[in-house]
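Working notes for the structure below.
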Amino acid sequence: MLKEKKEFYKVCFDTMQVGILVCNEQKEIVLENNPLNSIFGYQNNELHGLSTTDILKDIALFNDFIQHPKNQKYKVPIESIGVKKNGQEIPIELTFGKLEYENQFYYKALISDISERKEKEKKITTLNNQLEEEVKNRNNELEKVVEQLKKSLNKEIELNHLKTKFIALASHEFKTPLSAILSSTELIVKYTELEKYHKRDTHVAKVKSMIHHLNGMLDDFLTLENIESGNIKPCYTPLNLNKLIKEITKFTKPSLKKGQVLIFENQIDEEIYQDPKLLKIILTNLLYNAIKYSDEESEIHVKISQNKNNIYFSVKDYGIGIPEAEQNLIFNRFFRAKNVLYYPGTGIGLNIVKGYVTSLKGTISFVSKENKGTSFKIQLPKITIQ
């Protein structure tokens, strides 16, 4: 009957789903079931008499359990690493226990091979990481889209603001010359008699001047579009700066106020390669501003110099200057500083100048102090034509 009971317990023992290991205080295996043999790759009875160190990589864990079997952490399954007969390491889960038999203490461990579970967890972790990366990438893309939308919205708001400002400026700037043209044409009609030709000619000249002024403003507006679309292509040709200075002087002289003097200092005698048209527009715009914002009986200095790699142009006046708080806005389209609101102008001259300087691969900077004057400096690279 006892033999039958042992055989029955053996059958129960071997048909369990987990491996069962029982060892003594010397960590010698005294009992094992078939599932344990299967987990570690041993035949029946091969594990009997071996040490737990033969199948458990972290033997310190088992030693700690033997010394502290009541420790709370051993109340739940613990993951560790097992070593198969062929040396292969596998992930296992252990549940520890202590028992007493014939006045001897023994230690048991229920052991499960969790390789399949770990593989699934690894796949899940990989999928989660991939999902997180995908979400991160999508979020980055979404942030970029949102940022682009913000920029587009800001640009649209800025464009609407510029349109409103342009309409206001254009209305004001066009109204004055158109009114002058209208009044002059009405007076011309009155001066039809031959002896009044000199009065008639005066008003005809005024009409022509106002038409040139309007054409100039329209050209400026068209220039803005060309700069914005990148259609400005420099045309480099040989240029004599002294000749250019004479042209600019002739062009700007009628705009000089009473007693104003233009002083040119050109340190470059030889011809250079540059775009005469763009350079003339740049310097003329700066000179017109210097003249407009300076008092009568004042000097305006233009200096041209060079070094090995660059050509420098400076335009200095002693006029009203630019308020410090607004200097960072001075090249913005349609911007006009608070101290020039009573002066005629559209606020696009310096924007055009900067656009042309940039197209010539140059830089423009300035130093200004309110009521003391302004000095603009342009640096252009020397052009070598092969």
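The values are calculated or read from the model by the stated rules, or taken from the named source; none is laboratory data. Predicted model only: the values in this text are computed from it and were never measured. Note that each Cβ is placed from the backbone with ideal geometry, even for glycine, and that neighbours are counted across all protein chains shown. Accessible surface is based on the protein model in full, side chains and every heavy atom, while ligands, DNA and RNA are left aside. Shrake-Rupley method; radii C 1.70, N 1.55, O 1.52, S 1.80 Å.
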Item checked: In the stretch 8-47, GluC sites (Glu not before Pro) in a DSSP loop with at most 15 other beta-carbon atoms within 10 Å -> E25, E46
Next item on the list: With +1 on each Lys and Arg Cβ and -1 on each Asp and Glu Cβ, and nothing else charged, work out how big the dipole of the stretch 4-92 is about its Cα centre, in Debye to the nearest 20.
Entry: 220 debye
Checklist line | Simple label model, 7 Å out from Cα along Cβ direction - I59 to C235, nm | finding: 9.3 nm
Item checked: Surface share of carbon and sulfur [accessible, 1.4 angstrom probe, percent] for the stretch 5-76 -> 52 percent
Check: Where nothing but the Cβ of Lys and Arg (+1) and of Asp and Glu (-1) is charged, how large is the charge dipole of the stretch 103-154 around its Cα centre, in debye to the nearest 20?
Finding: 80 debye
Notebook entry, point to check: Can you work out ³J(HN,Hα) from phi for every residue in the stretch 52-58, in order, using Karplus 6.51 cos²θ - 1.76 cosθ + 1.60 and θ = phi - 60°, giving whole Hz and x for Gly and Pro?
Noted result: 4, 5, 6, 10, 10, 6, 8
Next item on the list: Could you let me know the centre-to-centre spacing of the stretch 284-303 and the stretch 329-347, using Cα atoms, in angstrom?
Entry: 16 Å
Checklist line | Chain lengthening between E141 and T15 when straightened (0.36 nm per residue, less Cα-Cα) | finding: 39.7 nm
Margin query: As I understand it, the dipole of the stretch 231-386 uses +1 on the Cβ of Lys and Arg and -1 on the Cβ of Asp and Glu, about the Cα centre. Which of S375, G349, P323 lies farthest toward its positive end?
Written below: G349
Notebook entry, point to check: Quick one: accessible area per residue over the stretch 285-384, 1.4 Å probe, rounded to a whole number of Å²?
Noted result: 50 Å²
Notebook entry, point to check: Can you tell me the accessible area per residue over the stretch 61-118, all protein chains present, probe 1.4 angstrom, in square angstrom?
Noted result: 62 Å²
Margin query: I need the trypsin sites (Lys or Arg not before Pro) found in the stretch 270-347, filtered to DSSP loop residues with at most 14 other beta carbons within 10 Å of theirs.
Written below: K308
